[in-house]
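Step one of this worksheet: look at the structure below.
What follows is calculated from the coordinates using simple rules that are stated; it is not laboratory data. Model, not experiment: these values are computed from the prediction. As a convention, Cβ positions derive from the backbone with ideal geometry for all residues, glycine included, and neighbour counts pool all protein chains shown.
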């Protein structure tokens, strides 16, 4: 197992620390804010060591994130944070670019084939674990969200998702929490709002003001993880 794990993750399973942070892609400034100065690249994932935590870059998609969690079962990992970004369906008081959110209920629309074929059915929502946020007493806004398998198709379904009560959309949280329960680890997710769904200008050409808010949100999320790690 040790050799296979190191091949996949880039480090030995024994090097995994008690607290892990899974990040689907390189969120600008996040690694440095978590005290990580370099990443060891495995065949699938990459790992970096910060003070008291291991940062793992899983790659985007439900499958990559779910597998990344499952292989942590036989390691020293005790608790896992998910750190990602999300899109908002609309701005509202307390929800804007750069806002740090925690999902409560998550609707798993994870089949790209069903989405592309127009065969979506409403799944039973998952309840996100908030153990780590509650333990640390972190005051993070809670939202219901959608885990959706297509960036291309998401704007077509905004009204439908809003009728479900969702306020944000991302790709991996449902898989993350499902996998975490299978390996019986405490967990929480932090999502930084990075765009408004359907607003192409806002998504691909952030204003200096929104860039500043996004950077502040990333910093806030990383500080929240570090504050937990010091509890």
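Pairs of Cα atoms nearer than 8 Å and 6+ residues apart set the relative contact order; for the chain it is 26 percent. Sorting 148-154, 114-120, 49-55 by their mean Cβ neighbour count within 10 Å, with the most densely packed peptide first, gives 49-55, 148-154, 114-120.
On C-alpha positions alone, give me the angle between the axis of helix 208-229 and the longest principal axis of the chain, in degrees, nearest 10. The angle comes out near 40 degrees. Distance between the 7 Å Cα→Cβ label points at residue 227 and residue 25: 2.8 nm. Taking 0.36 nm per residue of sequence separation and removing the Cα-Cα distance, the residue 14/residue 32 pair yields an extension gain of 4.2 nm. With both labels modelled 7 Å from their Cα along Cα-to-Cβ, the residue 153 to residue 91 distance reads 3.0 nm. Counting only the backbone N, which residues of segment 78-97 are under 18 Å from the spot 7 Å out from the Cα of residue 162 toward its beta-carbon? Only 87-97 fall inside the zone, counting backbone N under 18 Å. Site pair residue 184 and residue 73 shows an inter-label distance of 1.1 nm when each label is modelled 7 Å from Cα along Cα→Cβ. Shape verdict for segment 49-159, please, from the Cα gyration tensor: rounded (a/c under 1.5), prolate (a/b greater than b/c) or oblate. Note, shape of segment 49-159 comes out oblate. Using only the Cα atoms of the chain, build the gyration tensor, take square roots of its eigenvalues as a ≥ b ≥ c, and label the shape rounded, prolate or oblate: rounded if a/c is under 1.5, else prolate if a/b is larger than b/c, else oblate. Prolate. For the chain, the longest principal axis of the C-alpha atoms and the axis of helix 173-183 are separated by about 30°. Under a Gaussian network description of the chain, with springs only between Cα atoms under 10 Å, the residue in 48, 29, 84 that fluctuates furthest is 29.
Spatially, segment 214-230 and segment 122-169 are offset by 20 Å when compared through their Cα centroids.
Taking each residue as 0.36 nm, the span from residue 61 to residue 135 lengthens on full extension beyond its C-alpha to C-alpha distance by 23.8 nm.
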